[in-house]
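See below for the structure under consideration.
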Amino acid sequence: MNEFCQHLDRLIEQPAGTSTPETTLLQLAGWDSMTAMGFMAMADRQYGVVVSAVRLMEAKTVADLAALVGIAE
């Protein structure tokens, strides 16, 4: 999970340690529609997982994002 959070922090252009599994996406200053698209690309590139926009829109926390790529807490 730590590695996933590090990837996410880079994606949202925030300092390492910004995101935790409990962090809601609304709390992430860099989370927006463009970042969501970047997350989908990151999921494919880093984890080999294609995340649908519908499933991504259902995510509420960083842990939810991690679950989309197959990472459990």
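Any read-out appearing in this document is the output of simple, stated calculations on the displayed coordinates, not a laboratory observation. All figures in this text were calculated on a predicted structure; none of them were measured in a lab. Glycine gets a Cβ as well: all are built from the backbone with ideal geometry, and neighbour counts include every protein chain shown.
Overview of results
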| quantity | calculated |
| --- | --- |
| Among [x] 62; [y] 55; [z] 46, the entry that matches percent of Cα pairs over 15 Å apart as calculated here | [z] |
| Distance in nm between pseudo-label sites at ASP64 and ASP32 (7 Å out along the Cβ direction from Cα) | 2.1 |
| FRET efficiency estimate (nearest 0.05) - Cβ-Cβ, VAL54 to THR20, R0 22 angstrom | 0.30 |
| Estimated dipole of segment 2-68 in Debye, rounded to 20 [Cβ of Lys and Arg +1, of Asp and Glu -1, Cα centre] | 100 |
| Amide H contacts of THR61 (H built 1.01 Å from N, under 5 Å, at least 5 apart or other chain) | LEU25 |
| Computed [θ] at 222 nm, deg cm²/dmol, the chain (DSSP H ≥ 4; -39,500 (n - 2.57); rounded to nearest 500) | -15000 deg cm²/dmol |
